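Here, each number is a calculation from the coordinates, and none is a lab measurement. The model shown is predicted, which means the values in this text are computed figures rather than measured ones. Backbone-built Cβ (ideal geometry, glycine too); neighbour counts: all protein chains shown.
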Amino acid sequence: MSILDDAKQAVQGAVQGVMQKAIQLAPDSFMPGGRSDPLIRAQHGHIGKPISRLDGPVKVRGEATYAAEFPLDGMLYAALVFSTIAKGRIATLDTATAEAAPGVALVMTYRNAPRMAPMPLFMTSEKACGGNDLPIMQDDRIYWNGEPLALVLADSQEQADHAASLIHIAYDVDPSVTAMAAAKAKGTEPGTFMGQPLKFASGDAGKALAAAVHQVDRTYTTPRHSHNAIELHAVTVTWTGDTLRVHDASQMVAHMAWSLGHVFGIDEDKVHVTSPFVGGGFGGKGLWQHQVLAAAASKLAGRPVRLMLTREGVYRIVGGRTVTEQRVAIGAAADGRFEALIHTGTVAMSHHNVLPEPFILPTRSAYAAGTMALDVEVAYLDMVANTFMRAPGEAVGTFALESAIDELAVDMGIDPIELRLRNEPDKDPTTGAPFSSREVEKAYRDGAVRFGWDARGAPGSRCEGEWLIGTGVATATYPYYRMPGGAARITLARDGHATIDIAAHDMGMGTATAQTQVAADRLGLAMEQVTFRYGDSTLPGTVMAGGSQQTAAIGASVMAAYRALVTELLKLAGNDSPLAGLDADAVVGVDGGLARIDDPAARESYASILSRAQRDEVVVEATPPAPLETMHWSMHSHGAMFCEVRVNAVTGEVRVSRFLGSFDCGRILNPKTAASQFRGGIIMGLGLALMEETQFDERSGRIMNPSLAEYHVPVHMDVPDIEVMWTDIPDPHTPMGARGVGEIGITGVGAAVANAVFNATGKRIRDLPITLDKLLA
Ligand code: MOS
């Protein structure tokens, strides 16, 4: 038996020991000390079935109404004019020609815009979701190149666009900081994420690195990325008195209602936001200036307004992922174990923003290391506020971390999978908490077999004609979160139909479908007997479709409501019921009613309970316990990402020919919608690896490629068949045993591609995207 096998067994034994202990502490519960969720164990029913999206037919028929598709009586169309300088003041503003143009109803600028508070910045309070906290058309000051300075309302979109082109603005330019080097020269500040410093140190990593037998110490860079959801950011708004109605494309309707209320000085219940269908979100569909401007202009004009950003408009005012410069240094012992792990670097941010790209997040829990030093520093630029974009932190952090590990494996002559498994931690390396469930090795072993990893050759050893072929691997990882999701409501009718109400979201990922499966299983109903209502701020709940935590957040709220429902039903059932005297823990929803868990023959249908109680329906609402599970356990999903590339030796063109993602994300609720999430994430990762780059002119702070003609994302021809597989091992500490699947797919992909490119060519590209010029250089 090799040293490696010994080490692996030791790691496995330790992991099992920790797991057993954790399970003893709280058997099958997602809350420490809480009750078990029977659905974690359920092997039959709707959960786990590849059910097609319930909203598929209406979308295919064109009957799904998106934010910019609500025709309102007397509606006006909006167009925006954007600043062309990074900082300064408006010197002259000529709107007369635009105002006189055909169809124009109103031109709004700082001169006539209503008084409004700045947007409440994301994470500064529970329901704050503004992308920046700058004044919105309140004075003549300009804060970024692309800031909206004028809005035109007209009878048609074409008239609005034309009139907008007639507005002339002259500027008094102030000095600005738009180059990264200049910003760094002014000094950096430590980054924070969700109130926590992005800094961690254990031991003297610098010293351990210097003393290590094997070392890598490299710098990796990643560019800005712009949000490019298929559906453009859009809003249709109207006022009735002081009540604001908003048809939005949103990942957070409850947050939107509160935040817009804050801007206009009205209660959140005076703002009604709905968002039944969204054409992709990825972190970009929160509150930006367009919703505020549309509402303000509608107020001013006294008419409904539709504002759909142009693609350029999205680049100008919706932030994306910021630029990063990352150092990863690893010192390893002769057996490959990490003695030092250093991941530090700098990101760019605007002054009116809360998200430094937190690239050290994956490094906090991915590997055991004798010493560690992690740090994200922030350099401040005058630019559009950046924001969350699919796996903020992990998407680009894993590029640097997992590239460096590949470099170390090459230097040491160790298989990169084996090197990773030798460094599997037995507890969270930064918090010391036990893992709730961690099956990294299984994901790698199963993936390696399916992918045919063994067929791999030495760098530059395989070619077909002028195509060099190589394979690479990298770890994907993303945390389990559960934000407090507020209440859910269940309405159970006498005919056995249940309606679940919660202000959650389905942006195309299949939320409503998966949650209908879960609710049907929990209640013991058929899919057709459950209606899942979401995407409406008047529903209970404060769920955000972000952080890959919506499934868990909704699940916990629905569990709480289900328990309240069962308690109420048992009360109504009374002494004549076979369920008399039982409490909620003693029964389970099955076959359209409740049954005793220890004696399933003792049961009564919902119809029977309600009719005896002479009730047409029962309505309950309940809130779940706080997400304490993440304080007791280290909770993360993982994946093993396998990539095969073909690189043209003459042109440098890179083609991804095969990709396999082997995931460990807990219980998979719906294999069909989950596979689409994984694949979609991987495709976005291929864009990150090979194409996506916001061209930011460091002289002017202007984004120079604000269109899909010049900002490349993968198209069908760029995407090979992508295989996905998963462990499907339930996490005993999450609702339904599931962790999120929305974001992990993009993580690890950049490194898997870069590592495959190295294996094909012997060339290590440390600067994304991996374009052919870098391979020919
Ligand atoms: Mo995601 S970046 O949490 O929408």
Which shape class applies to the stretch 639-777: rounded if a/c is under 1.5, otherwise prolate when a/b exceeds b/c and oblate if not, where a ≥ b ≥ c are the square roots of the Cα gyration tensor eigenvalues?
prolate
Would you kindly state how much longer the chain becomes between ALA458 and ASP217 on full extension, computed as 0.36 nm times their sequence separation minus their alpha carbon distance, in nm to one decimal?
84.5 nm
To two decimal places, what compactness ratio does the stretch 365-422 give when its Cα radius of gyration is scaled by 2.2 N^0.38 Å?
1.49
Can you give me the Rg/Rh ratio for the stretch 523-607, using Cα atoms for both radii and the Kirkwood formula for Rh?
1.05
Computed E for ASP585/THR538 - FRET, C-beta separation, R0 56 angstrom, nearest 0.05
0.95
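Order 581-588, 429-436 from most to least packed using the mean count of other Cβ atoms within 10 Å.
Highest to lowest by the protection proxy: 429-436, 581-588.
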The simple spin-label model distance between ASP269 and ARG115, using points 7 Å out along Cα→Cβ, in nm, is 2.7
Post the alpha-carbon centroid distance, the stretch 642-658 to the stretch 239-267, in whole angstrom.
48
Kindly state, to the nearest 0.05, the FRET efficiency for VAL650 paired with ALA333, given R0 = 45 Å and r defined as their beta-carbon distance.
0.60
Would you calculate the volume per residue, in Å³, of the smallest convex hull containing every Cα atom of the chain?
160
Could you tell me the distance between the Cα centroids of the stretch 582-596 and the stretch 404-449, to the nearest Å?
43
Taking the Cα atoms of the stretch 122-219 alone, what are Rg (to one decimal) and Dmax (as a whole number) in Å?
23.2, 72
Restricting the calculation to Cα positions, tell me the Rg (one decimal) and the Dmax (whole number) of the stretch 375-500 in Å.
22.1, 70
Could you compute the FRET efficiency for THR567 and SER125, with r as their C-beta to C-beta distance and R0 at 41 Å, rounded to 0.05?
0.80
Relative to the present Cα-Cα distance, how much length would full extension add between ASP73 and LYS774 at 0.36 nm per residue of separation?
246.9 nm
For the residue pair ALA170 and GLN614, what label-to-label distance in nm results when each label sits 7 Å from Cα along the Cα-to-beta-carbon direction?
8.2
What's the exposure ranking of TYR77, TYR380, going from fewest to most Cβ atoms within 10 Å?
TYR380, TYR77
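Treat every Asp and Glu Cβ in the stretch 623-718 as -1 and every Lys and Arg Cβ as +1, leave all other atoms uncharged, and give the resulting dipole magnitude about the Cα centre to the nearest 20 debye.
320
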Going by average Cβ density within 10 Å per residue, which order do the peptides 361-368, 484-491 take, highest to lowest?
361-368, 484-491
Partner lysines for LYS87 [C-alpha distance under 20 Å; skip if fewer than 8 residues away on the same chain]:
LYS184, LYS186
Pairwise label distance in nanometres, ASP161 with MET704, each label 7 Å out on the Cα-Cβ vector
2.5
